[in-house]
Amino acid sequence: MTNRLLQIRRLNDNDYEFLTNMKTGIEDDYVVRIFPKLIHSDEHALYGLFDGNQMLTVAGYSIYLSQYAMLGRLRSDQRFLAKGNATELLKHIIRDLIDRDDIKWIGANTEIHNKPALKVLEKLGFPSHPPLYPVKLNNGETVEGTAGPLWKQLETIEEKREVLELFKKSDFEVFPYQCYYPFPYQDDFLTDKDLAESLFFTNKDRTRFFIMKEDQKKELHAFVMYPWNDHFEQPGFWDTVMNQLGTNFTEHRLWMDFMQEGLDRAKNLDSFEIRKPWVLHGIWKDKEGHRLP
């Protein structure tokens, strides 16, 4: 490489060729496939670090719930792995996000085995939350937990908001919002539209609840958010989940996020595919862009 000054900028249509010329080692990279969507959206953005006409590193962000900025899509050209390129690119993106009044939280979610990405997040000073394991039910399998009556489905926005308060006393630090996308929880985290599009179920004494909704990450999933570690101990929990898979989510594959304790307490995991754990890192910012205590 030359010693010319490196440039960082937001990508546009003219940068597609630079992206496809990168040798990232990623086969059938989805970032290449959805490049137009990522650069022509209010919710997404891509940035590149360049040496002349050679793009060395690419990364970006997605905005969720109008205030959470999730960094991601970090990949580098394997021919030019200079130290610090990824960190410098992400620092630039973070500065842009800090300048936005609408953004309250900035973070990233990465596999715990992705040591290079974890090292970059450590350099950025992003604290981490306990890892979550994506757990998917194998096709054609059923699950038996502690037998019990089906849980009650909640119908109104008011009921759903009321039961959401239980999350603050749950076992989870972060709220699994979508497959691969957990976020730190706060009041009014979910919009009325989110609540209307999600099914809520609660046990008889309303000490536990779960949310079930459709999500697509390659496969069509029935995504269940249950923020406790007693999945196999709560009467009727699995009866209710399996009932929904047989009625409202017949073409879907079940996906849940487990903590390590939840896996340790599970009775039988032979029916599941347990993926490598992911770790959420992030910071809140105040009006000056500083980290909140």
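Across segment 22-35, coupling constants 3J(HN,Hα) worked out from phi with the 6.51/-1.76/1.60 Karplus curve, θ = phi - 60°, read 6, 9, 8, x, 9, 7, 6, 5, 5, 4, 5, 5, 10, 3 Hz, and Gly and Pro carry x.
Restricting the trypsin sites (Lys or Arg not before Pro) of segment 111-217 to loop positions (DSSP other than H, G, I, E, B) with no more than 12 neighbouring Cβ atoms within 10 Å leaves Lys204.
In segment 133-276 the Cα-Cα distances spread across 10 Å bins starting at 0 as 11, 46, 38, 5 percent of all pairs. Quick check: from the Cα gyration tensor, does segment 63-158 come out rounded (a/c under 1.5), prolate or oblate? Oblate is the answer for segment 63-158, as a/c is 1.5 or above yet b/c matches or exceeds a/b. Calculated [222 nm] ellipticity per residue, helices only, for the chain: -6000 deg cm²/dmol; basis is -39500 (n - 2.57) per DSSP H run with n ≥ 4, divided by all residues, nearest 500. Taking a straight Cα-Cα cut-off under 19 Å and skipping sequence neighbours fewer than 8 places away in the same chain, the lysines within cross-link reach of Lys285 are Lys91, Lys104, Lys123. Comparing Cα centroids, segment 1-61 and segment 163-198 end up 32 angstrom apart. Between amide H atoms placed 1.01 Å from N, distances below 5 Å from Phe258 occur with Tyr133, Val135, all of them 5 or more places distant or on a separate chain. Here's how it looks for Leu154: its modeled amide H is under 5 Å from those of Phe200, Phe201, Thr202, which are all 5 or more places away or on a different chain. Our coupling estimate for segment 131-137, obtained by passing each phi through the Karplus curve with A = 6.51, B = -1.76, C = 1.60 and θ = phi - 60°, is x, 10, 9, x, 10, 10, 6 Hz, Gly and Pro reported as x.
Neighbours of Glu141 by Cβ distance under 13 Å: Lys/Arg scored +1, Asp/Glu scored -1, total -1. Mind grabbing the base-10 log of I(q)/I(0) for the chain at q = 0.08, 0.12, 0.16 Å⁻¹? Debye formula, identical points on the C-alpha positions, no solvent, two decimal places. The calculated log intensity ratios at q = 0.08, 0.12, 0.16 Å⁻¹ are -0.40, -0.85, -1.31.
Exceedance of the 19 Å cut-off in Cα-Cα distance is limited, within the set Lys115/Lys276; Lys160/Lys204; Lys152/Lys267; Lys168/Lys213, to Lys152/Lys267; Lys168/Lys213. Kirkwood radius, segment 1-133, all distinct C-alpha pairs, inverse of mean reciprocal distance: 15.5 Å.
Each Cα pair under 8 Å and six or more residues apart adds its separation to the average, and for the chain the resulting relative contact order is 21 percent.
All of the numbers you see were taken from the coordinates with simple rules; none came from a lab. Bear in mind that the values here come from a model prediction, so they are computed numbers and not experimental data. Here the Cβ is made from the backbone with ideal geometry for all residues, glycine too, and neighbour counts use every protein chain on show.
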